[in-house]
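Report on one structure; see the data block that follows.
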Amino acid sequence: DTEIGILVQAKARVTLPIYAFGKIEHGLNAARAGIEVGKAGIDYARGELDYLVKRAYFGAQMAASALRVLKDGRKRLAKTKKAIEDALDKETGRFTSNDLRKLLVKEADIESGYLETMALNKAAWEGLRLASDVPREIPIKLDSLVLEPVHIEERSAEAYVDLALASRPDLRMARAAVKARSNQVKMAKAEFYPNIALVGAFGYSKAPLADDPQDPFANDPYNYLNWGVVLGAQWRVDYANLASKYRRAQAKLAKQKSEYELLLQKIRLDVVSQE
C-alpha cells in the first residue's frame, strides 16, 4: 500500500487537413494582400513626407526670389517718389500731383505684396523645419536660394494617368485592399462547407505497480498502447450566422471597390485639371 512507482504516459494527435474548400488558400491570400496594404501605406507616408519637404524647399526658394524682386522694386519706387517730390517742390512742370498720387497707389500695392511675401517666407521656412524635423536651435540653410526651373517631360493626359495608376502608392494600397476583401468574401463563402482532415492518434502508458488486466474489455488507464487513423469532417451548421458573415463581407467588398473607383476618378480629374 505504501509503494511508490513511476507512471510514464505519452499522447500525440496529428491533424492533416485534406480539403477545406479553399479556406486556407483564401486566408493566406487575404493575409498577403493585407501585408501589401501595409507596405503601400508605408510607401504612401514616405511619399507624402518627401512631397512636403520638397514643397517647403521650393516654397522657401520662391519666397526668397520674390523678396529680392520686391526689395529692388521698393528701392526703385523710393527713388522715383523722391524725384517726383523734388520736381513738384521746384515746380519744374515735369510731374503733376496726379503722378504722385498714382505712385503712392503703386507703393501701397508693392508694400502690401512685400508684407504678404514676408509672411509666406516665414511660413515656408517653418514648414521646411517641420517637414525635415530639424530642431529650432539648429539653423537651416539651403544649398541655393535661387529658384531654378525644373524640367518636366511633356506627355499626354492619358500617359500621365497611366503613370499615376502604375506608381501611386495610395492606388496600390487601394488595389491590395480590394484583393484582401475579395478573399475575405471567398473565405466567408467557404465556411458553408466542411473541413475534411486525416487525424492520427497515438497513446502509450506504463505503470509497473498498477494492475494490468488481460481482459481486452477492461478499462485500464495506466497500462495501454493504442494508435489509430481516422478520416473525419468538421461541419458547422449555423447557417444564419454564416450567411450574416457572408453578407457583411460582401458589403465591405462593395464599399472597398467603390472607394477604389472613386480614387481612380479623382486621379484622372487631378491629371486633367493640371493640363
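The values are calculated or read from the model by the stated rules, or taken from the named source; none is laboratory data. Because the structure is a prediction, the values reported are computed rather than measured. So basically every Cβ, Gly included, is an ideal-geometry build from the backbone, and we count neighbours across all protein chains shown. Heavy atoms of the whole protein, side chains included, go into the accessibility calculation; ligands, DNA and RNA do not. Shrake-Rupley method; radii C 1.70, N 1.55, O 1.52, S 1.80 Å.
Values for this structure:
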{"read-out": "Accessible-area ranking of His151, His26, largest first, probe 1.4 Å", "value": "His151, His26"}
{"read-out": "Kirkwood hydrodynamic radius of region 131-225, from inverse mean 1/r over distinct Cα pairs, in Å", "value": "23.2 Å"}
{"read-out": "Summed side-chain charge close to Lys255 - residues other than Lys255 whose Cβ falls under 14 Å, Lys, Arg +1, Asp, Glu -1", "value": "+3"}
{"read-out": "Gaussian network model of the chain, Cα within-10 Å springs - most flexible of Arg32, Arg247, Arg13", "value": "Arg13"}
{"read-out": "Mean shadow area of the chain, taken as a quarter of the surface of its Cα convex hull (nm²)", "value": "33.5 nm²"}
{"read-out": "Neighbour net charge for Arg129 - beta-carbon separation under 15 angstrom, K R +1, D E -1", "value": "+2"}
{"read-out": "Those GluC sites (Glu not before Pro) in region 67-140 that DSSP places in a loop and that have at most 13 other beta carbons within 10 Å", "value": "Glu91, Glu137"}
{"read-out": "Qualifying lysines (Cα of each under 26 Å from Cα of Lys189; at least 8 residues distant if same chain)", "value": "Lys23, Lys179, Lys245, Lys252, Lys255, Lys257"}
{"read-out": "Per-residue SASA entry for Arg172, accessible area with 1.4 Å probe, Å² rounded to 10", "value": "70 Å²"}
{"read-out": "Relative contact order computed over region 183-244 (Cα-Cα under 8 Å; 6+ residues apart), in percent", "value": "47 percent"}
{"read-out": "With DNA, RNA and ligands ignored, accessible area of Trp125 (1.4 Å probe; Å², nearest 10)", "value": "70 Å²"}
{"read-out": "Given Lys81/Lys122; Lys54/Lys141; Lys75/Lys141, the pairs whose alpha carbons are separated by over 19 Å", "value": "Lys81/Lys122; Lys75/Lys141"}
{"read-out": "In Å², nearest 10: area of Val14 left accessible to a 1.4 Å probe", "value": "100 Å²"}
{"read-out": "Qualifying GluC sites (Glu not before Pro) for region 140-220 [loop in DSSP, other Cβ within 10 Å: at most 15]", "value": "Glu153, Glu154"}
{"read-out": "Accessible area, probe 1.4 Å, largest first, for residues Phe58, Phe217", "value": "Phe217, Phe58"}
{"read-out": "Inter-centroid distance (Cα atoms) of region 1-67 relative to region 84-119, Å", "value": "66 Å"}
{"read-out": "Relative contact order [Cα under 8 Å, 6+ residues apart], the chain, whole percent", "value": "35 percent"}
{"read-out": "Ranked order, Met62, Met118, Met173 - accessible area, probe 1.4 Å, largest first", "value": "Met62, Met118, Met173"}
{"read-out": "Most mobile of Ile110, Ile196, Ile152 in a GNM of the chain (Cα contacts under 10 Å)", "value": "Ile152"}
